[in-house]
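To keep things clear, I will list the structure first and then write my remarks on it.
The values are calculated or read from the model by the stated rules, or taken from the named source; none is laboratory data. Just so it is clear, the model here is predicted, and its values are computed rather than measured. Every residue, glycine as well, gets a Cβ built from its backbone with ideal geometry; the counts of neighbours run over all protein chains shown. Just so you know, the surface numbers come from the protein's heavy atoms only, side chains and all, with ligands and any DNA or RNA stripped out. Shrake-Rupley method; radii C 1.70, N 1.55, O 1.52, S 1.80 Å.
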Amino acid sequence: MAVIPVDIAGAPYEVRIGTGLLASLTEQCSGRLRKRRVPIVTDIRVHAAWGAVVENALREGGHEAVWRVLPPGEPSKSWEQLAATVDWLLAEEVERGDHILALGGGVIGDLTGFAAAILKRGCKFIQLPTTLLAQVDSSVGGKTAINTGAGKNLVGAFHQPALVLADLAVLDTLPERELKAGYAEVVKYGLLGDAEFFAWCDANGAAMLAGDPALREYAVAHSVAAKARIVQADEKETLGLRALLNLGHTFGHALEAQTGFSDRLLHGEGVALGMVLAARFSARRGLLPRASAEHVARHFAEIGMMSEIAALGLNCDGQALVAHMLHDKKMDAGTLPFVLMRGIGDAYLTKDVDLEEVGEFLDEELQRSV
Ligand code: NAD
Ligand code: GLY
């Protein structure tokens with residue numbers, strides 16, 4: 001098992017990564033489960049795949065799992081599900097010192113974390129991430145949120161978990177498409193600050209996705225360690241460091257918005273395309289060698305992921321995508337910060353981007369032959 005400490009002042013915690021952590025849940029949570037009844041929020045699919053394992057592990061430790069099982073997918077990050085979850089936790093008489101368990105992907109982690117943040121002005125929670133995306137990104141760092149009619153993740157709080165248990169066994173039941181979407185966030189750590197890790201992804205990404213357990217542990221642990229370093233240095237995203245984690249997200253978010261935040265484009269797939277666009281836009285501005293930008297696109301294509309936005313068949317022009325960017329929550333006094341690249345492993349934040357130029361660039365990309 002790999003253990004990555006996240007040293008946040010006043011709220012330090014561990015991310016443990018290994019196989020079989022859910023099966024030994026009581027032991028892993030030792031001292032944290034104060035009562036017989038343990039409240040767990042999950043979704044239907046995760047409950048079907050892993051509910052029994054969690055329930056048995058808790059029973060063996062003298063606990064009883066009490067479940068709130070939500071519909072799967074993005075619509076569960078809503079005011080309605082937040083209110084119902086908080087009411088349920090109140091009915092369960094959860095106290096500040098109790099730990100609420102979040103068993104699922106980023107949707108469950110974000111919703112449960114936010115519920116924990118506001119319940120009785122802040123309860124403890126434990127992340128049990130079940131997607132690759134959640135293991136390498138969303139379960140670590142304390143961003144919690146729901147969506148509203150005005151957009152994604154617009155209402156939320158920074159609220160760090162008390163513990164993160166990333167059981168690699170759960171990846172065996174994850175659909176391949178979801179696994180690959182999460183892989184985009186792994187590659188992101190290489191592209192934004194670690195050229196050696198991008199080279200590792202080139203050499204090992206396919207075998208990792210195919211199931212090699214040692215490679216999976218390395219990929220998750222290396223990603224979490226990278227995220228921990230950034231979050232420790234800039235927990236609330238005020239210093240321009242944590243913002244680097246948004247590499248590919250501004251372009252990706254526009255693509256997700258244009259496809260209606262639907263199954264047409266998963267978040268991680270949008271991030272992969274967004275990183276290709278960020279790299280090509282950087283090359284267009286003469287910042288990044290064109291060959292490096294094409295290397296990024298080729299990497300995703302070789303893994304079997306979409307690497308050209310033209311393949312999405314969007315019925316829109318570049319300006320329509322830019323219009324989505326203007327609603328981005330990262331807008332700051334009328335300018336939109338972009339994460340661009342000076343090299344593989346050398347991303348930086350800039351506000352010096354002309355959105356008209358972005359629109360022209362996107363027109364070119366939308367018309368590329370695929
Ligand atoms: P998700 O939570 O919707 O899970 C994807 C799908 O996989 C769901 O249908 C789920 O039921 C299923 N699933 C999950 N684990 C499974 C397993 N082990 N076996 C079988 N099926 C399984 O999606 P996600 O990609 O994990 O998370 C996306 C969300 O994360 C978005 O809402 C995004 O905004 C958020 N996010 C948050 C942060 C953060 O820092 N808080 C970072 C990145 C993304
Ligand atoms: N996923 C971006 C962040 O945690 O800051």
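Scanning segment 226-257 for residues that are surrounded by fewer than 20 Cβ atoms within 10 Å (Cβ to Cβ) and more than 13 Å from ligand 1 (Cβ to nearest atom) yields Arg229, Gln232, Ala233, Asp234, Thr238, Leu239, Gly240, Leu241, Leu244. The residue of segment 119-134 that is most open to solvent (accessible area, probe 1.4 Å), among those that are more than 6 Å from ligand 1 (Cβ to nearest atom) and in contact with a strand residue (DSSP E or B) (Cβ under 7 Å, 6 or more places away or on another chain), is Lys124. When restricted to residues that are hydroxyl-bearing (Ser, Thr, Tyr) and more than 11 Å from ligand 1 (Cβ to nearest atom), segment 27-55 contains 1.
Here Ala184, Ala206, Ala214 are screened, and the one residue that is away from ligand 1 (no atom under 16 Å from the Cβ), under 30 Å from Gly260 (Cα atoms) and in a helix (DSSP H, G or I) is Ala206. Filtered by the rule that a residue be closer than 19 Å to Val353 by Cβ and either among the polar types (S, T, N, Q) or without any contact (Cβ under 8 Å) to a residue 12 or more places away in the chain (or both), segment 221-240 gives a lone residue, Glu237.
For segment 1-54, filtering for residues that are under 18 Å from Leu168 (Cα atoms) and in a helix (DSSP H, G or I) leaves 14. If you filter segment 258-272 down to residues that are of a type in the set (A, V, I, L, M, F, W, C) and within 10 Å of ligand 1 (Cβ to nearest atom), you find that the one that is modelled with the lowest pLDDT is Phe261. Among helices (runs of 4 or more DSSP H) entirely within segment 258-332, having at least 3 residues that are open to solvent by 50 Å² or more (accessible area, probe 1.4 Å) and touching a residue at least 40 places away in the same chain (Cβ under 8 Å) singles out no element at all.
Could we say that Arg177 is near ligand 1 (Cβ under 10 Å from one of its atoms) and basic (Lys, Arg) here? Answer is yes for this residue. How many residues does segment 140-163 contain that are within 10 Å of ligand 1 (Cβ to nearest atom), under 15 Å from Leu82 (Cβ atoms) and of a type in the set (Gly, Ala, Ser)? Total meeting the criteria: 2.
Among the numbered conditions (1) over 20 Å from Ala272 (Cβ atoms); (2) in a helix (DSSP H, G or I); (3) within 18 Å of the chain's Cα centre (by Cα), the only one that Lys236 does not meet is (2). Test Asp352 against the stated conditions and say whether it is closer than 13 Å to Leu247 by Cα and open to solvent by 50 Å² or more (accessible area, probe 1.4 Å). Judged against the criteria, Asp352 is not a match.
Residues that are surrounded by fewer than 24 Cβ atoms within 10 Å (Cβ to Cβ), away from ligand 2 (no atom under 12 Å from the Cβ) and farther than 30 Å from Ala293 by Cα: does segment 135-147 have at least one? Yes: one or more hits. Selection within segment 56-88: residues that are of a type in the set (D, E, K, R) and modelled with pLDDT of 95 or more. The member of this set that is nearest to ligand 1 (Cβ to nearest atom) is Lys77.
Taken over segment 93-105, residues that are surrounded by fewer than 24 Cβ atoms within 10 Å (Cβ to Cβ) and not in a loop (DSSP other than H, G, I, E, B) amount to 1.
Looking at the structure I just gave you, is Val69 among the aliphatic types (A, V, I, L, M), under 18 Å from Gly113 (Cα atoms) and in contact with a Ser or Thr (Cβ under 7 Å, 6 or more places away or on another chain)?
Spelling it out, Val69 is indeed among the aliphatic types (A, V, I, L, M), under 18 Å from Gly113 (Cα atoms) and in contact with a Ser or Thr (Cβ under 7 Å, 6 or more places away or on another chain).
Could you please tell me which pairs satisfy a Cβ distance under 6 Å, a separation of 6+ or placement on different chains, a first residue in segment 25-47 that is within 20 Å of Leu90 (Cβ to Cβ), and a second residue that is of a type in the set (Val, Ile, Thr) and not in a helix (DSSP H, G or I)? Qualifying pairs under 6 Å: Arg37/Val66; Pro39/Val66; Pro39/Val94; Pro39/Ile100; Thr42/Val69. Of all the listed residues (Asp172, Asp110, Asp137, Asp167), the sole one being of a type in the set (D, E, K, R), within 13 Å of ligand 1 (Cβ to nearest atom), modelled with pLDDT of 95 or more and in contact with a helix residue (DSSP H, G or I) (Cβ under 6 Å, 6 or more places away or on another chain) is Asp137. Would you call Leu191 outside any helix (DSSP H, G or I), at negative phi and either more than 15 Å from ligand 1 (Cβ to nearest atom) or open to solvent by less than 10 Å² (accessible area, probe 1.4 Å) (or both)? No: the conditions fail for Leu191.
The set of residues in segment 237-257 that are more than 9 Å from ligand 2 (Cβ to nearest atom), farther than 22 Å from His324 by Cβ and out of contact with any strand residue (DSSP E or B) (no Cβ under 6 Å at 6 or more places or on another chain) comprises Thr238, Leu239, Leu241.
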